[in-house]
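The values are calculated or read from the model by the stated rules, or taken from the named source; none is laboratory data. Since the structure is predicted, the reported quantities are computational estimates derived from the model, not experimental observations. So basically every Cβ, Gly included, is an ideal-geometry build from the backbone, and we count neighbours across all protein chains shown. Only protein heavy atoms, including side chains, enter the accessible area calculation; ligands, DNA and RNA are left aside. Shrake-Rupley method; radii C 1.70, N 1.55, O 1.52, S 1.80 Å.
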Amino acid sequence: MTEFTRREALRLLGGLGVVAGCSPGPLAPPAQVWKKSVCRFCGVGCGVMLGFRNGKLVDVRGDELAHNRGRVCVKGSLCVEIPRLPGRLLRPRIGGRDASWDEAMSRVAAEFKRHEPSAVAFYGSGQLYTEESYSANKLFKAGFRSNNVDGNPRLCMSSAAFGYIQTFGKDEPMGCYEDLDHATCFFVIGANLAECHPVLFERIKLRLPKAKMIVVDPRRTGTAARADRFLQIVPGTDLLLLNAMCQVIVRDGLVDRAFVEEHCEFEGGDFENYRNFLEPYAPEKVCAVIGLSVAEVREAAHLFATSAATTSLWTMGMNQRTQGVSLNRTIHNLHLLTAQICRPGATPMSLTGQGNACGGVRDTGALAHALPGGRSVANAAHRAEMERLWGVPPGTISEKPGLDAVELFRAIGDGRVKCVLIMGTNPMQTLPSLEKFRKNGFIAVAEPFVDSATSAIADVLLPSALWIEKEGVFGQTERRYQLIEKQIEPPGEARSDLEILVDLADRTGHGALLSARTPEAVWREWSAISASSLYNFAGITYERLRRTRGLQWPCPDANHPGTKRRFVGGDDPLVTPGRKIEFYGRPNRRALIHRGEYRPVPEQTTPEFPLILTTGRVLEQWHSGTITDRIPELAGATGRGRAFFHPQDARRLEIRPGDRVLLRSLHGSLELPADVTPALRLGVVWVSFYDAKVLINRVVADHVDAVSKQPEYKVTAIRATRV
Ligand SMILES: Nc1nc2c(c(=O)[nH]1)N[C@H]1C(S)=C(S)[C@@H](COP(=O)(O)OP(=O)(O)OC[C@H]3O[C@@H](n4cnc5c(=O)[nH]c(N)nc54)[C@H](O)[C@@H]3O)O[C@H]1N2
Ligand SMILES: Nc1nc2c(c(=O)[nH]1)N[C@H]1C(S)=C(S)[C@@H](COP(=O)(O)OP(=O)(O)OC[C@H]3O[C@@H](n4cnc5c(=O)[nH]c(N)nc54)[C@H](O)[C@@H]3O)O[C@H]1N2
Ligand code: SF4
Ligand SMILES: [Mo]
């Protein structure tokens, strides 16, 4: 009855995407204690209050004191289900049979000791705690001497990270969520906030229709439905649009010359060169390719430039692209040219996807090319600095960048990598071009559930604790670090990922490297190390995090309140005193305006593959669905995975809702049910990737951005036939 009441309320409110907290109803035995925590799911990082009765989690509501002001979405309000989900892995397994931790870890350690550095790898996740990603990075780079440390943020944030680094010298957005309350114009491109960042979208909706919103997407999404201007672009052509907007801004005299002179420089030349570079991108010349009218582009550029405060928001429609870095940098250009930056409401805000991709992976440098605190493997001084800070002999860290996600899984197939630990991610469902994967070598998987697609390829399966069954820090989009405290015991013999990593270190002779063995001890080590970088958060202690709803870095000492807006004098402690704005991440303290030359996407339609497949997310499901597809309300709301067609395409192909269709690309094929929606651009097919029974990534192309190595999940040429 209790459940019924709460779920009914959810069903009613859930349709709206966001619920303002949910009480369990009049007949429910009320929670006895409430404790603050953070939602398990997305990068919005909503604070939640957890209600316990006799030590059991019985209720959850939005935290009024957190940045989300008491709001959570349907996924957040169903966090209460997580500790009781079926299908948990309770003991380690070796080759499918139960084993003790000792036997399982001896087996894993023996494999890691057997192989040379270049043949071992760690594949991690923006859903692990910071302390876990930091420790794994240290163990592999300084212990095993392998830079083969990568993770799902490569599939997600790496174009954004390179974008910020190349424009501003350092990664992470400079703005904050409060900027959404001040913006008078929202430029949303390649992001569907209504489903993927619903609590932020709710905050934006409060500003509409007074503030204007431009949405660029090939689909009329829930986000686009609220837009003043919806630009239904041809997939893969956004760089033409962004350059065309820059061209209009330059041509129509909308550039803030004083700002540009003081704070910017131009890649490979000066303002005049840049003006010339933009000439071929005049809207009149590119509009036919991008599928928009000249007036639409001109209007968008003018609205962007002349609004009192413009905030851009973007996610995978920009990052998961073969020109992902260029796209990110060109969005920054728009803000720099018009001085729509470093003011309340004016900011280029790349939204993060996972709860801890920013804090856990980008900031700790747990990627194949990176080292902690914005350092890189290729830089000798950075390696030397990290060797000193980690107390390992000079020359320990290899100078060779490791393998990025897509390349790593190819290397497993062809035997270059012989031993890998996968933790907190489900690549056998979420990597592109899955048909190309070949199981080879030794694979250990740390995972809470018995039956993920990746569990199936594990030689050794290690049961992981998740969320409030362990402790650690999550860092989200606005540089806010928040502590998730341990509240309940994990089921069976499950252990935290940190415990697993420490055990591996001990058994491979690297115990001294991971001498920090509790989350708090690891945090102390990492925050002390951060002080020697521009990511300084030495003032963020567990003690403060237990008391607060998180703190934003930079935060150099225990009395510092944290930094709302980075690069802004008076707010950011790293700005030179007396300066109003300073892009101090770059050597000359100026942001770099990029010349992003457009190249057509590799997946062009042909008579054989006449449609464009694009993939992404739905509100109720989280990624590969290992958690959300087990929660009846969420699973029921989405149904099974299917391919959506534009009504005209469906008619031409004689496909009706419910028919089975075969999707085929150059990379693979898949049979799945069809559906129809007028929300699509003609010629575009949409499939979400949550359903383990519909592995759409068998079909999706694996072309990557040359710099960020992020795959272009958003554009695959396909053919569709009714079965
Ligand atoms: N409910 C839910 N929320 C989530 C997640 C989840 O799994 N479920 N995952 C989280 C994570 S890790 C991430 S990375 C974010 C992702 O958040 P989003 O990026 O907002 O989500 P996606 O659905 O992947 O893609 C966004 C939009 O890009 C559009 N798009 C496709 N191709 C193009 C193109 O060529 N140009 C343009 N302009 N747009 C294009 C798609 O139509 C889609 O609407 O969501 C986070 N939030
Ligand atoms: N076609 C297509 N594919 C995509 C994308 C797309 O847009 N289109 N988007 C890409 C993006 S942006 C992302 S971020 C990825 C996400 O891809 P994944 O990270 O592979 O997806 P998840 O389902 O989140 O997988 C997390 C796994 O970790 C487990 N888990 C949960 N908590 C814990 C924990 O505390 N410890 C451990 N050890 N395990 C835990 C879960 O059960 C699950 O198996 O997908 C990518 N794949
Ligand atoms: S918006 Fe994201 S963080 Fe907030 S409740 Fe929903 S899934 Fe959780
Ligand atoms: Mo992501």
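Taken over the stretch 634-658, the residue count meeting the criterion of being among the acidic types (D, E) and surrounded by fewer than 18 Cβ atoms within 10 Å (Cβ to Cβ) is 1. If you go through the stretch 476-515 and keep only what is open to solvent by less than 30 Å² (accessible area, probe 1.4 Å), more than 22 Å from R547 (Cβ to Cβ) and part of a loop (DSSP other than H, G, I, E, B), you end up with T477, P490, A494, S496, T508, G511, L513, L514.
Taking the criterion of being open to solvent by less than 40 Å² (accessible area, probe 1.4 Å) and of a type outside the set (A, V, I, L, M), the residues of the stretch 93-121 that qualify are W101, E111, F112, H115. Selection over the stretch 47-63 of residues that are open to solvent by 10 Å² or more (accessible area, probe 1.4 Å), assigned to a loop (DSSP other than H, G, I, E, B) and touching a residue at least 40 places away in the same chain (Cβ under 8 Å) gives a count of 1. In this entry, A142 passes the filter for residues that are closer than 19 Å to G511 by Cβ, among the aliphatic types (A, V, I, L, M) and away from ligand 2 (no atom under 15 Å from the Cβ). Of all residues in the stretch 195-212, those being away from ligand 2 (no atom under 16 Å from the Cβ) and buried (at least 24 other Cβ atoms within 10 Å of the Cβ) number 4. With respect to (1) touching an Asp or Glu at 6+ places or on another chain (Cβ under 6 Å); (2) open to solvent by less than 10 Å² (accessible area, probe 1.4 Å), the lone exception for T322 is condition (2).
Residue-wise test of (1) more than 16 Å from ligand 3 (Cβ to nearest atom); (2) over 20 Å from the mean Cα position of the chain (by Cα); (3) open to solvent by 10 Å² or more (accessible area, probe 1.4 Å); (4) closer than 24 Å to E172 by Cα.
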residue	(1), (2), (3), (4)
A357	no, no, no, yes
G360	no, no, no, yes
D363	yes, no, no, yes
G373	yes, no, no, yes
A381	yes, yes, yes, yes
E385	yes, yes, yes, yes
R388	yes, yes, yes, no
V392	yes, yes, yes, no
K400	yes, yes, yes, no
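Residues being within 16 Å of ligand 1 (Cβ to nearest atom), of a type outside the set (D, E) and either part of a loop (DSSP other than H, G, I, E, B) or open to solvent by less than 20 Å² (accessible area, probe 1.4 Å) (or both) are entirely absent from the stretch 578-595. A single member of G402, G441, G413 is at positive phi and not basic (K, R), and it is G441.
Residue count for the stretch 69-115, restricted to those that are assigned to a helix (DSSP H, G or I) and of a type outside the set (S, T, Y): 22. Restrict the check to the stretch 646-665 and report whether at least one residue is in contact (Cβ under 8 Å) with a residue 24 or more places away in the chain and within 14 Å of ligand 1 (Cβ to nearest atom). Yes: the stretch 646-665 contains one or more residues that are in contact (Cβ under 8 Å) with a residue 24 or more places away in the chain and within 14 Å of ligand 1 (Cβ to nearest atom). Looking only at residues of the stretch 403-421 that are touching a strand residue (DSSP E or B) at 6+ places or on another chain (Cβ under 9 Å) and assigned to a loop (DSSP other than H, G, I, E, B), we find that the one that is most open to solvent (accessible area, probe 1.4 Å) is K418. Taking the stretch 287-319 as the range and being of a type in the set (A, V, I, L, M) and either open to solvent by 10 Å² or more (accessible area, probe 1.4 Å) or within 16 Å of ligand 3 (Cβ to nearest atom) (or both) as the test, the residues that pass are A288, V289, L292, V294, A295, L303, A305, A308, L313, M316. Summed over the stretch 113-146, residues that are more than 16 Å from ligand 4 (Cβ to nearest atom) and either farther than 12 Å from V417 by Cβ or in contact with a strand residue (DSSP E or B) (Cβ under 6 Å, 6 or more places away or on another chain) (or both) total 23.
Is there a residue in the stretch 460-467 that is open to solvent by 20 Å² or more (accessible area, probe 1.4 Å) and either in a loop (DSSP other than H, G, I, E, B) or more than 16 Å from ligand 4 (Cβ to nearest atom) (or both)? Checking the stretch 460-467: not a single residue is open to solvent by 20 Å² or more (accessible area, probe 1.4 Å) and either in a loop (DSSP other than H, G, I, E, B) or more than 16 Å from ligand 4 (Cβ to nearest atom) (or both). Cβ-Cβ contacts under 6 Å between residues 6 or more apart (or on different chains), taken from a first residue in the stretch 339-354 that is away from ligand 2 (no atom under 16 Å from the Cβ) to a second residue that is open to solvent by 10 Å² or more (accessible area, probe 1.4 Å), are listed as A339/D256; A339/F259; C342/V568; C342/I581; P344/H182; G345/H182.
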